[in-house]
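Student: Below is the structure I would like to discuss, written out as structure tokens.
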Amino acid sequence: DTEVTQTPKHLVMGMTNKKSLKCEQHMGHRAMYWYKQKAKKPPELMFVYSYEKLSINESVPSRFSPECPNSSLLNLHLHALQPEDSALYLCASSQGRGSNYEQYFGPGTRLTVT
Amino acid sequence: AQKITQTQPGMFVQEKEAVTLDCTYDTSDPSYGLFWYKQPSSGEMIFLIYQGSYDQQNATEGRYSLNFQKARKSANLVISASQLGDSAMYFCAMREDYNTDKLIFGTGTRLQVFP
């Protein structure tokens, strides 16, 4: 089973709202990732968790707040977003951090900020 | 400098024909991995194939094969017997051993398969 699930699939939120994106994997993977992808562009790394600890924050604005409650779950809390934050948000996981470990991606959440 | 370069923004191929998607990379790390992902319009990134820098043989996975030319720093994806369902965006990506948290993506190639 190489499945990463993400909820919700679509999200529309106003600039004053607070919402959360959820990601789950049951492959026993030790690293989990959040990416942001704008249309016709490659994914951009936002955060990396390794063994449930935040290991990378790619200078992401504080209106995005990641959380890793346990080894299977990854959340992205959203607050006071801007219209330019509208994008596809992808979660991924990998078995480890070596160069030979592929990342498995979820189906993504399409976020629209109005 | 770009670490991963995909020079073909778009490619067309007829059903049942083979197609090659180009990817060149740049790294000074002797240990790295190269990956190809497929992204249909639905958005999910689907892992297709992996090639390690020390692998002696070219990777193959079903209809996908990787033409790995280490001296030229190229890792082209070959799709044999194209199907209509192969129409998608294809990304080449690299992961270097010294910076293993990051998967560096190319800009992608949009493949369209026509009947």
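The values are calculated or read from the model by the stated rules, or taken from the named source; none is laboratory data. This structure is a prediction, so every number in the text was calculated from the model and none was measured. Here the Cβ is made from the backbone with ideal geometry for all residues, glycine too, and neighbour counts use every protein chain on show.
Student: Out of the residues in the range A:1-16 meeting the condition of being touching a residue at least 40 places away in the same chain (Cβ under 8 Å) and farther than 18 Å from A:Tyr33 by Cα, tell me which one is farthest from the other protein chains (Cβ to nearest Cβ).
Tutor: A:Thr16
Student: Anything in the range A:96-114 that is over 20 Å from A:Tyr51 (Cβ atoms), surrounded by fewer than 21 Cβ atoms within 10 Å (Cβ to Cβ) and in contact with a helix residue (DSSP H, G or I) (Cβ under 8 Å, 6 or more places away or on another chain)? List them, or say none.
Tutor: Within the range A:96-114, A:Val113, A:Thr114 meet the criteria.
Student: While we're looking at this one, here's another question. Just for the range B:11-37: of the residues that are within 19 Å of B:Leu103 (Cα to Cα) and polar (S, T, N, Q), which one is modelled with the highest pLDDT?
Tutor: That would be B:Thr24.
Student: Does the range A:29-38 include one or more residues that are more than 9 Å from chain B (Cβ to nearest Cβ), within 15 Å of A:Thr5 (Cα to Cα) and within 12 Å of the chain's Cα centre (by Cα)?
Tutor: Initial filter on the range A:29-38 (more than 9 Å from chain B (Cβ to nearest Cβ)): A:29-30, A:32, A:34, A:36, A:38.
Now narrow it down to the ones that are within 15 Å of A:Thr5 (Cα to Cα): A:29, A:32, A:34.
Now restrict to residues that are within 12 Å of the chain's Cα centre (by Cα): A:32, A:34.
Taking every residue of the range A:29-38 in turn, at least one turns out to be more than 9 Å from chain B (Cβ to nearest Cβ), within 15 Å of A:Thr5 (Cα to Cα) and within 12 Å of the chain's Cα centre (by Cα).
Student: Quick one: B:Asn58 ticks every box in (1) away from chain A (no Cβ under 11 Å); (2) exposed (fewer than 14 other Cβ atoms within 10 Å of the Cβ); (3) polar (S, T, N, Q) except a single one, so which number is it?
Tutor: So the condition that B:Asn58 fails would be (2).
Student: Please find, among A:Tyr51, A:Tyr89, the residue that is at pLDDT below 95 and within 14 Å of chain B (Cβ to nearest Cβ). Talk me through it step by step, then tell me what you get.
Tutor: On the way: A:Tyr89 fails: at pLDDT below 95.
Checking each option against the conditions leaves just A:Tyr51.
Student: So, A:Leu111, is that one more than 14 Å from chain B (Cβ to nearest Cβ) and at pLDDT 95 or above or not? Walk me through how you get there before you give the answer.
Tutor: Details: more than 14 Å from chain B (Cβ to nearest Cβ): no; at pLDDT 95 or above: yes.
So A:Leu111 fails the test.
Student: Shifting gears a bit: Scan the range A:42-66 residue by residue and report those that are on the phi > 0 side of the Ramachandran plot and among the charged types (D, E, K, R). Can you show your working first?
Tutor: Applying the first criterion (on the phi > 0 side of the Ramachandran plot) to the range A:42-66 yields A:51-52, A:59.
A:Glu52, the sole residue that qualifies.
Student: A:Thr16 passes all but one of (1) touching a strand residue (DSSP E or B) at 6+ places or on another chain (Cβ under 7 Å); (2) loosely packed, with under 13 Cβ neighbours inside 10 Å; which number fails?
Tutor: For A:Thr16, the failing item is (1).
Student: Answer yes or no as to whether A:Ser65 is under 22 Å from B:Ile104 (Cα atoms) and either touching a helix residue (DSSP H, G or I) at 6+ places or on another chain (Cβ under 9 Å) or touching a residue at least 12 places away in the same chain (Cβ under 8 Å) (or both).
Tutor: Numbers: under 22 Å from B:Ile104 (Cα atoms): no; either touching a helix residue (DSSP H, G or I) at 6+ places or on another chain (Cβ under 9 Å) or touching a residue at least 12 places away in the same chain (Cβ under 8 Å) (or both): yes.
No: the conditions fail for A:Ser65.
Student: Taking A:Ser50 and the conditions (1) more than 30 Å from B:Pro9 (Cα to Cα); (2) of a type in the set (Gly, Ala, Ser); (3) without any contact (Cβ under 8 Å) to a residue 12 or more places away in the chain, which numbered condition does it fall short on, given that it satisfies the others?
Tutor: Status for A:Ser50: all satisfied but (3).
Student: Of the numbered conditions (1) more than 23 Å from A:Ile56 (Cα to Cα); (2) within 15 Å of the chain's Cα centre (by Cα); (3) surrounded by 20 or more Cβ atoms within 10 Å (Cβ to Cβ); (4) not aromatic (Phe, Trp, Tyr), B:Ala93 fails exactly one; give the number of that condition.
Tutor: Going through the list (1) more than 23 Å from A:Ile56 (Cα to Cα); (2) within 15 Å of the chain's Cα centre (by Cα); (3) surrounded by 20 or more Cβ atoms within 10 Å (Cβ to Cβ); (4) not aromatic (Phe, Trp, Tyr), B:Ala93 breaks only (1).
Student: I need a count of the residues in the range A:64-114 that are under 20 Å from A:Met27 (Cα atoms) and hydroxyl-bearing (Ser, Thr, Tyr).
Tutor: Counting residues in the range A:64-114 that are under 20 Å from A:Met27 (Cα atoms) and hydroxyl-bearing (Ser, Thr, Tyr) gives 7.
Student: Can you pull out the strands (runs of 3 or more DSSP E) entirely within the range B:1-104 that have at least 2 residues that are out of contact with any Cys (no Cβ under 7 Å at 6 or more places or on another chain) and over 26 Å from A:Tyr33 (Cα atoms)?
Tutor: Working: elements: B:10-14, B:19-21, B:32-39, B:46-52, B:64-69, B:74-79, B:88-96.
The strands (runs of 3 or more DSSP E) meeting that bar are B:10-14, B:19-21, B:64-69, B:74-79.
Student: So which strands (runs of 3 or more DSSP E) are wholly in the range A:21-86 and hold at least 2 residues that are surrounded by 17 or more Cβ atoms within 10 Å (Cβ to Cβ)?
Tutor: On the way: elements: A:31-37, A:44-50, A:53-57, A:64-70, A:73-79.
Ranges flagged: A:31-37, A:44-50, A:64-70, A:73-79.
Student: Taking the range B:67-104, which residues are at pLDDT below 95 and closer than 16 Å to B:Ile46 by Cα?
Tutor: Selection gives B:Met94, B:Leu103, B:Ile104.
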